[in-house]
Amino acid sequence: MQIPVRKIMKGYPRQFWLVVTVMTLSYLFHSMLWPFLIIYASQKLNLTLTAVTGLLTLHSLVGLVTTFLGGAIADRFGRKWVMALALFLCGISWYLFQFADHFSIFALLMAFNGATTPLYRLAADAMMADVVPSEKRIDGYSILRLGNNLGVALGPAVGGFLSAVSYDISFTTAGLGIFACGILVTLFSIETIPSQKEVQLGTEQSGGYGRILHDSRFLGLIGSYSLNRICSSTLWMLLAVYAKQNYGISESLYGFIPTTNAVMVILFQMMVTSRVKHQRPEKSMIIGALFYAVAVFSVAFGRGFWAFWLCMVVATIGEMILVPTSTTYASLLAPEDMRGRYMSIYTLSGGLGPGVGPLIGGVMNDNFGPRTIWYTGGAIGALSALAFLLNSRRLSKSPVREAPGGGV
């Protein structure tokens, strides 16, 4: 399938491509370390898997608080400076990890990193909704994911080799790179927040996040998606350490597994999106969640690199179906004056997974054996698909504000 590159380039404004570029680079630097962080922490701090995954829970819990605050700030004062400041602080935190030789220091940096990482991502999602018309939004978010996965394609492969030489090199490179992304936003980004005619202080916005609590369709999406993120984060955060400890697969070899995920998204995301956007999003999200559940559950029966690689392939198919659809769905449900808050809750649900999934997996590993990680993760993935199905049936007669293509 040929993609008309020039037509795509002209179909979106300059700000859109700036966000895509910055997010591509930030994902590249972030993914150089994130898949290997549990391995590094367990070796450096000599802790059990449960204790180490507890650091990921701390990372997510702090992110919960800052995501709430960041969404409100982005709605009130704008997206640009939330994104730029978060990138600066996140880059500093990655750089400082190389000096953390005690649990308390490592925990402090995990909290610092957890506070900043979701902020620039929610600001980017809100910017995308600001500058891309609703009928082109699912394609726009798919292009954003192409960029993100280009970064993820390079990051783990480069990070795996660098980490085999020295983790300090990886931390320095990631920290300086993400800091540079903040400079790009500062120098070249414009503010995209909708005009103040949409914002009636003391009336429409007086409810704050309370307004979201009355949006049953959005809350159903968040609950279902959160379960899926718990399932997927189990695969992303624990497969590397599981493969190394139980099957002797090194970081440099394992790096090709997440790289496969990214290459698949780069090659096939637009083709998948062209088909998915003509379907009801509720149906697409159910199918995507099922692919994830099967992939994670199947890891328990794998015995080496190629089996784990195949599980990632299956998970990636689910990801290409589910993630652009759910992101677009969330943005369509968001009123213009609440976009920052809505996308912050959506980002928060994605960040909840890395805090809960690996912790559950660590407890299962330490108490019941390594394979129970995947039995549990797969079961949670199946619950996610069931939740999407029940939510779809319950709200099938409730219209969405705007339709992505012909899909809703």
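The values are calculated or read from the model by the stated rules, or taken from the named source; none is laboratory data. This one's a predicted model, so the numbers in the text were calculated from it and none came from an experiment. Cβ: placed from backbone, ideal geometry, glycine included. Neighbour counts: every protein chain shown.
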Q. What are the residues in region 123-150 that are modelled with pLDDT of 85 or more and closer than 24 Å to GLU251 by Cα, if any?
A. GLY147
Q: Could you look through region 255-296, keep only residues that are at pLDDT 90 or above and among the small types (Gly, Ala, Ser), and pick out the one that is surrounded by the fewest Cβ atoms within 10 Å (Cβ to Cβ)?
A: SER284
(Q) Scan region 43-59 and tell me whether some residue there is over 16 Å from LEU359 (Cβ atoms) and within 21 Å of the chain's Cα centre (by Cα). (A) no
Q: Could you look through region 287-343, keep only residues that are in contact with a Cys (Cβ under 8 Å, 6 or more places away or on another chain) and of a type outside the set (A, V, I, L, M), and pick out the one that is farthest from ARG371 (Cα to Cα)?
A: TYR292
Q) Residues in region 222-250 that are at pLDDT 90 or above and under 15 Å from GLY351 (Cα atoms): how many? A) 14
Q) Are there any pairs, at least 6 apart or on different chains, whose C-beta atoms fall under 8 Å, with the first in region 15-31 and closer than 17 Å to PHE97 by Cβ and buried (at least 21 other Cβ atoms within 10 Å of the Cβ) and the second aromatic (Phe, Trp, Tyr) and modelled with pLDDT under 90, and if so, which? A) SER26/TYR120
Q: Just need a number here: residues in region 41-72 that are in contact (Cβ under 8 Å) with a residue 24 or more places away in the chain and closer than 27 Å to LEU122 by Cβ.
A: 21
Q) Just to be sure, is SER326 in a helix (DSSP H, G or I), modelled with pLDDT of 90 or more and among the polar types (S, T, N, Q)? A) yes
Q: Please indicate, with yes or no, whether at least one residue in region 308-323 is small (Gly, Ala, Ser), crowded, with 22+ Cβ neighbours inside 10 Å and either modelled with pLDDT under 85 or over 19 Å from the mean Cα position of the chain (by Cα) (or both).
A: no
Q: Please verify whether region 196-207 includes one or more residues that are modelled with pLDDT of 85 or more and either assigned to a helix (DSSP H, G or I) or more than 30 Å from GLY54 (Cβ to Cβ) (or both).
A: no
Q) Can you name the number of the only condition in (1) at pLDDT 80 or above; (2) touching a Leu at 6+ places or on another chain (Cβ under 6 Å) that VAL400 fails? A) (1)
Q. Pick from TRP81, TRP94: which is more than 23 Å from ALA153 (Cα to Cα) and either touching a residue at least 40 places away in the same chain (Cβ under 8 Å) or more than 20 Å from the chain's Cα centre (by Cα) (or both)?
A. TRP81
Q) Within region 247-304, how many residues turn out to be within 24 Å of ALA385 (Cβ to Cβ), part of a loop (DSSP other than H, G, I, E, B) and in contact (Cβ under 8 Å) with a residue 24 or more places away in the chain? A) 4
(Q) Condition check: assigned to a helix (DSSP H, G or I), farther than 30 Å from TRP81 by Cβ, touching a residue at least 40 places away in the same chain (Cβ under 8 Å) and out of contact with any strand residue (DSSP E or B) (no Cβ under 9 Å at 6 or more places or on another chain). Does MET312 satisfy that? (A) yes
Q) Which residue, of THR57, THR21, is at pLDDT below 85 and not aliphatic (A, V, I, L, M)? A) THR57
Q) Tell me, which residue of region 350-384 that is among the hydroxyl-bearing types (Ser, Thr, Tyr) and buried (at least 23 other Cβ atoms within 10 Å of the Cβ) is farthest from VAL131 (Cα to Cα)? A) THR376
Q) Just a yes or no: is a residue in region 94-108 crowded, with 24+ Cβ neighbours inside 10 Å and under 19 Å from GLY177 (Cβ atoms)? A) yes
